[in-house]
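To start, the structure under review is shown below, and the notes come after it.
Laboratory data are not the source of any read-out in this text; all were calculated from the coordinates shown. What you see is a predicted model, and the numbers here were worked out from it, not measured in a lab. FYI the Cβ positions are ideal-geometry reconstructions off the backbone, even for glycines, and counts take in every protein chain you see.
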């Protein structure tokens, strides 16, 4: 068995670090867009559900990529089977490309892997060896596990299963972000606000994940302290169908935003810490000892009673005069004036009654 070239080993490790995705299959192929005249030769690697295309097998940075999650159809051009060449037309959601493979056997393997990772099922009528079919089954299981949301322990609710799928985070107010789970250091703030938060609160952390200016991608803002003083840096995290790409000199592809933050923490773990916003909470529940008392209203005014000045009509009940009010109740009434007015009214009533009797020819003895 031939030994692996040390150069190839280094290149493979660098590719694995840049893409952060498992390698399923690789080989030379030719690619062009529909409408282009000539094919371009690449060394292709199928990692996860993405084909990374390199200019040759010694280059560790890919030049193009094909996202198979958006694959709609894959059709083989059967008119060229006699020449030994196989051309596949891949219809993606937003584009259409063609792949040409020189070896028919290799073309069949490419078809099996592409359809398996794109549709999460092994296509029927594949002409592959038993070992190749077993490899497809392993790849299918890996992709299903990658596509399953992570599990986290739930202990607060005894009725909940031991592990439950992580719920998707709510969408942001802008309405342009998807439901991808975000780490605790994500804040929906601008670049200037993120810089202000890091500068004014260095004890809370020095790395923030935030929306990019285009409201579609993401960005990482960090504050580092050097001998010359504090420095602010910003890195763009581009959202792709298969994950997220950290735009560095050597782009790094990660499956989630948490992994994007972890990538920076892994490189500079000694001087980077995610920014967290602590909040104050009460720890005791207090109940008022006395019920609330309504404030006193204005005092009620006392009104002088009504006094009848003439005889009551026949058939009606005569109401007695009210009793003399007590001294403590005499706040608004002058009793002497009230008594004098009552006596005067009684005299006037007797004079009226005598005049009535006299007009009828009756006599009445009246003592004054």
Provide 266, 32 in ascending order of the number of other Cβ atoms located within 10 Å of each residue's Cβ, fewest first.
266, 32
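Using R₀ = 56 Å, calculate the FRET efficiency as 1/(1 + (r/R₀)^6) where r is the Cβ-Cβ separation of residue 191 and residue 124; round to 0.05. Please list the in-between numbers first.
On the way: r = 52 Å, r/R0 = 0.92.
It comes to 0.60.
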What distance in nm lies between label points placed 7 Å from Cα along the C-beta direction at residue 75 and residue 249?
4.6
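Would you please give the FRET efficiency between residue 282 and residue 240, computed as 1/(1 + (r/R0)^6) with r the Cβ-Cβ distance and R0 = 51 Å, to the nearest 0.05? Don't skip to the answer; put the middle values down first.
Values: r = 44 Å, r/R0 = 0.86.
Calculated value: 0.70.
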Can you give the relative contact order of the stretch 53-127 as a percent, counting alpha carbon pairs under 8 Å and 6+ residues apart?
22
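Give me 223, 9, 238, 284 sorted ascending by neighbouring Cβ count inside 10 Å, so fewest comes first. Each step should come with its number before you reach the end.
On the way: 223 20, 9 11, 238 17, 284 4.
Ascending number of Cβ neighbours within 10 Å: 284, 9, 238, 223.
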In whole angstrom, note down how far apart the Cα centers of the stretch 23-47 and the stretch 208-279 are.
31
Can you sort 191, 47, 111, 144 by how many other beta carbons sit within 10 Å, fewest first?
144, 191, 111, 47
Compute the length gained on full extension between residue 64 and residue 33: take 0.36 nm times their separation in residues and subtract their Cα-Cα distance, giving the result in nm to one decimal.
9.9 nm
Residue 341-residue 289 FRET efficiency (beta carbon distance; Förster radius 56 Å; 0.05 resolution):
0.55
